[in-house]
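The values are calculated or read from the model by the stated rules, or taken from the named source; none is laboratory data. Since the model is a prediction, treat every value here as computed from it, not as a measurement. Using ideal geometry, Cβ is built from the backbone for each residue, glycine included, and neighbour counts are taken over all protein chains shown. Just the protein is used for accessible areas: all its heavy atoms, side chains included, with ligands, DNA and RNA removed. Shrake-Rupley method; radii C 1.70, N 1.55, O 1.52, S 1.80 Å.
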Amino acid sequence: MNVLVTGGAGYIGSHTVVELINAGHNAIIVDDLSNAKADVVDRIQTITGTRPVFYELDCKNIDGLRSVFSAHKIDAIIHFAAFKAVGESVKKPLQYYRNNLDSTFALLEVMEEFGCKKFIFSSSATVYGPNNPHPYKEEMPAIQSSSPYGWTKVMIERILTDYVTAHPDFCAVLLRYFNPIGAHESGLLGDDPNGIPNNLMPYIGRVAAGQLEKLTIFGGDYPTPDGTCQRDYLHVVDLAVGHLKALEFAKDREGAEAINLGTGNGISVLELVNAFNKANDMDLPYVIGPRRDGDLPAFWADAEKAKNLLGWEATHTVEDMCRSAWQFAKNAGK
Ligand code: UDP
């Protein structure tokens with residue numbers, strides 16, 4: 001298939017492009033490089049031996065998208081491109097709603113013009129909101145969130161579902177990610193955010209590399225076994241493979257389907273820090289600080305639906321995630 005990957009130079013997007021190419025698909029990347037580096041395309045070529053087509057383009061640029069769809073017969077799209085910093089979204093709600101919603105509208109409009117009917121969407125476990133019990137199951141109400149970023153995911157899921165109601169021959173797969181961490185085994189691709197990282201593993205990587213002094217664990221008094229938050233961390237390569245499986249699923253299907261991509265296991269921040277130390281023979285400096293606004297104590301996925309519908313299951317261990325994350329972080333920025 002010819003697969004348009006928006007945000008294909010980003011963390012999850014780049015790993016997905018590698019898996020698409022390895023499976024024999026043609027990947028066409030659209031990325032405005034607002035939170036990614038152009039040399040990711042070279043790195044994908046080094047890993048796969050194939051250079052994906054790359055357009056430096058903002059997905060809100062509808063004429064730009066038309067040119068891409070005119071140049072390639074696009075069979076499906078995987079839509080990663082979005083602003084994703086939870087805290088920043090609270091301070092800049094308009095930018096977040098404008099960017100994340102408008103890019104989706106532009107894509108859907110151009111897809112309709114060109115008769116493309118397969119849409120894989122990068123959603124998030126944040127759509128389960130603060131009130132559902134864990135493990136999260138897809139049939140639970142997913143109509144809540146705690147940040148403008150999260151609300152854009154809720155809204156886009158809704159937009160895609162309504163679009164499918166109006167166009168029953170369209171297929172939208174809403175992939176609800178849990179906490180992807182880790183990096184490609186080559187050490188060439190990984191999570192390398194601009195500025196000081198917000199997410200746990202890239203922050204750990206910078207501390208391990210000596211670029212940041214110590215990790216602050218947000219909260220040690222949660223109602224969890226060791227007092228720190230529990231999350232469902234999964235290896236980014238497993239997540240990328242999940243997209244490939246979703247694409248194969250969507251190929252001969254119609255309708256909208258929400259599917260969790262997680263391991264089904266929760267581990268705490270402290271357990272992850274200890275696993276990182278053990279896997280990489282380190283002793284990471286950390287302090288326990290105050291809670292971060294908006295963090296939930298604990299959640300993880302019910303991963304059965306992905307197994308049953310997509311034939312997908314996470315295969316990498318926490319040790320794999322920690323080792324590969326460090327492998328990448330020690331070389332990042334050099
Ligand atoms: N966290 C932390 N220190 C940091 C960054 C994150 O203790 O510097 C914790 C955070 O409170 C949460 C977990 O790590 O419990 C995962 O946070 P992240 O931002 O990576 O993902 P989220 O689950 O918020 O999407």
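How high is the FRET efficiency from Phe114 to Asp221, r the C-beta distance, R0 56 Å, rounded to 0.05?
Details: r = 53 Å, r/R0 = 0.95.
That gives a FRET efficiency of 0.55.
With charges only on Cβ, +1 for K and R and -1 for D and E, what is the dipole size of segment 203-254 about its Cα centre, in debye, rounded to 20?
In debye, rounded to 20, segment 203-254 gives about 160.
Sticking with the crude label model, points 7 Å out along Cα→Cβ, report the distance from Glu271 to Asn194 in nm, one decimal please.
3.6
How large is the accessible surface per residue of the chain, computed with a 1.4 Å probe and reported in Å² as a whole number?
I get 43 Å² per residue for the chain.
In nm, to one decimal, how far is the Gln211 label point from the Thr161 one, both placed 7 Å along Cα→Cβ?
Label at Gln211, label at Thr161, 3.9 nm between them.
For segment 207-334, what is the charge dipole size about the Cα centre, in debye to the nearest 20, if Lys and Arg each add +1 at the Cβ and Asp and Glu each add -1 at the Cβ?
So the magnitude is around 360 debye.
Carbon and sulfur atoms: what percent of the 1.4 Å accessible area of the chain do they account for?
It is 49 percent, rounded to a whole number.
When a/c is below 1.5 the answer is rounded, else prolate if a/b is larger than b/c, else oblate, so apply that to segment 123-171 with a ≥ b ≥ c taken from the square roots of the Cα gyration tensor eigenvalues.
Details: a/c = 3.08, a/b = 1.68, b/c = 1.83.
Oblate shape, in that a/c is at least 1.5 and b/c is the bigger or equal ratio.
What does the C-alpha gyration tensor say about the overall shape of segment 1-84? Classify as rounded when a/c is under 1.5, otherwise prolate if a/b is larger than b/c, or oblate. Walk me through the intermediate numbers first.
Details: a/c = 1.70, a/b = 1.16, b/c = 1.47.
Here segment 1-84 falls in the oblate category.
What size of dipole, in debye to the nearest 20, comes out for the chain about its Cα centre when the only charges are +1 on Lys and Arg C-beta atoms and -1 on Asp and Glu C-beta atoms?
Dipole about the Cα centre, nearest 20: 400 debye.
Among Gly210, Asn22, Ala172, pick out the residue whose Cα is farthest towards the positive end of the charge dipole of the chain, where Lys and Arg carry +1 and Asp and Glu carry -1 on C-beta, about the Cα centre.
So the residue furthest toward the plus end is Gly210.
Tally Lys and Arg at +1 and Asp and Glu at -1 over the other residues with C-beta under 14 Å from the C-beta of Leu261: what net charge comes out?
Net charge in that neighbourhood comes out at -1.
Once a ≥ b ≥ c are taken as the square roots of the eigenvalues of the Cα gyration tensor of segment 209-274, is the result rounded (a/c under 1.5), prolate (a/b larger than b/c) or oblate (a/b not larger than b/c)? Could the numbers behind the result be given before it?
Working: a/c = 3.80, a/b = 2.11, b/c = 1.80.
Because a/c hits 1.5 or more and a/b exceeds b/c, segment 209-274 counts as prolate.
Quick one: of Lys37/Lys245; Lys37/Lys330; Lys91/Lys330, which pairs are farther than 20 Å apart, Cα to Cα?
Lys37/Lys245; Lys91/Lys330
I need two numbers for the chain: Rg to one decimal and Dmax as a whole number, Cα atoms only, in Å.
19.0, 55
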